[in-house]
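J.: Below is the structure I would like to discuss, written out as structure tokens.
The values are calculated or read from the model by the stated rules, or taken from the named source; none is laboratory data. All figures in this text were calculated on a predicted structure; none of them were measured in a lab. Note: ideal-geometry Cβ built from the backbone for every residue, glycine included; neighbour counts use all protein chains shown. These area figures cover heavy atoms from the full protein model, side chains too; ligands, DNA and RNA do not enter into them. Shrake-Rupley method; radii C 1.70, N 1.55, O 1.52, S 1.80 Å.
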Amino acid sequence: MQIVILKDATEVARYGADLFVAQLKKQPASTLGLATGSTPVALYQNLIEKNQQGDISFSQVTSFNLDEYLGLDGSHPQSYRFFMNEQLFDHIDIAKERTHVPPGDAQDPIAACQEYEARILAAGGIDIQLLGIGRNGHIGFNEPSSGLTSRTRVKTLTKATIDDNARFFSEDEYQPHLSITMGIGTILDAKKVVLLATGENKAAAIKATVEGPLTASCPASALQMHRDAVIVIDEAAASELADVDFYKHIEAENQKLLARLAAK
Ligand SMILES: N[C@@H]1[C@@H](O)[C@H](O)[C@@H](COP(=O)(O)O)O[C@@H]1O
């Protein structure tokens, strides 16, 4: 795991966006894994700016989102399809037919999960996967106790996650308790994984992810098993880590090495 600790949410978004920009420059026909929640919004704004300035193009990109509420179709304002259109897809040169979000309105959700896995495979797998994290350590909608090798499937949300996401729904609005989510195994298959977290309310989850044991009690701890996982966090989200100075030292050395290589 590469742990990158930055001053604030603005720096976190910029660092995360730069990883996606680098991927798109290296491989314009990349397959991107995308995420929802409030954390990735600023990263998406960075990508929109770069696209509108002509610095990067999404014209050859295929994308797969992590998850969707089961019971909401894509026209529902709280659906993750709606969110992605609003926050990213409507503002960039991506072909909408190559953007995939699990179908929240699937008649047969189990078949839809298998088809989602098959589509990821047919696209050649995910080159770079963006992740946020829930306060209980969930990634996508893989709640605590999720199988560490799980694939895309229907998952029941915990009360904590329902409560955390209630702020997006109005009082009399139906809030789904079920989701379709990529599994932890699906996420671990991505070639690179970038997890962003900001704010003190994520500090305990980040501590468990980075320094805790590998355990289904903290689904994000599975990233300890990934060969190329980058955890990009601000000082507040890093505040419970025991080895902050060590992580900062490693990252400074990494940056020096990269600068030396770039100068060659
Ligand atoms: N399914 C999403 C997750 O993918 C996201 O990481 C989490 C945290 O969201 P936020 O970034 O708003 O804290 O919320 C939801 O539960």
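J.: Exposed loop chymotrypsin sites (Phe, Trp or Tyr not before Pro) only (DSSP loop, at most 16 other Cβ atoms within 10 Å): please give the longest stretch of the chain free of them, not including the sites.
T.: With a cap of 16 other Cβ atoms within 10 Å, the longest stretch comes to 1-168.
J.: Would you give the gap between the C-alpha center of segment 211-229 and the C-alpha center of segment 105-183, rounded to a whole Å?
T.: Cα centroid to Cα centroid, the span is 18 Å.
J.: If you restrict to DSSP beta bridges whose two residues both lie in segment 2-263, what percentage is antiparallel, to the nearest 5?
T.: Looking only at bridges with both residues in segment 2-263, the antiparallel portion is about 25 percent.
J.: Under a Cβ-only charge scheme (Lys and Arg +1, Asp and Glu -1), can you give me the dipole magnitude of the chain about the Cα centre, in debye to the nearest 20?
T.: The calculated dipole for the chain is roughly 940 debye.
J.: Can you pull out the trypsin sites (Lys or Arg not before Pro) in segment 1-60 whose DSSP state is coil and whose Cβ has at most 10 other Cβ atoms within 10 Å?
T.: Qualifying residues, ordered by number: K7.
J.: Over the chain, give the accessible area per residue in Å² for a 1.4 Å probe, as an integer.
T.: Dividing the accessible area of the chain by its residue count gives 46 Å².
J.: Which of the pairs K26/K248; K26/K191; K96/K159 have their Cα atoms more than 22 Å apart in this structure?
T.: K26/K248; K96/K159
J.: Whenever you get a sec, compute what percent of the accessible area on the chain sits on carbon and sulfur atoms (1.4 Å probe).
T.: Here carbon and sulfur together make up 52 percent of the probe-accessible area.
J.: Select from R81, R151, R167 the residue whose mean-square fluctuation is largest in a Gaussian network model of the chain (Cα-Cα springs shorter than 10 Å).
T.: Largest GNM mean-square fluctuation: R167.
J.: Once the Cβ-Cβ distance between Q52 and R98 is put in as r, and R0 is 22 Å, what FRET efficiency do you end up with, to the nearest 0.05?
T.: 0.65
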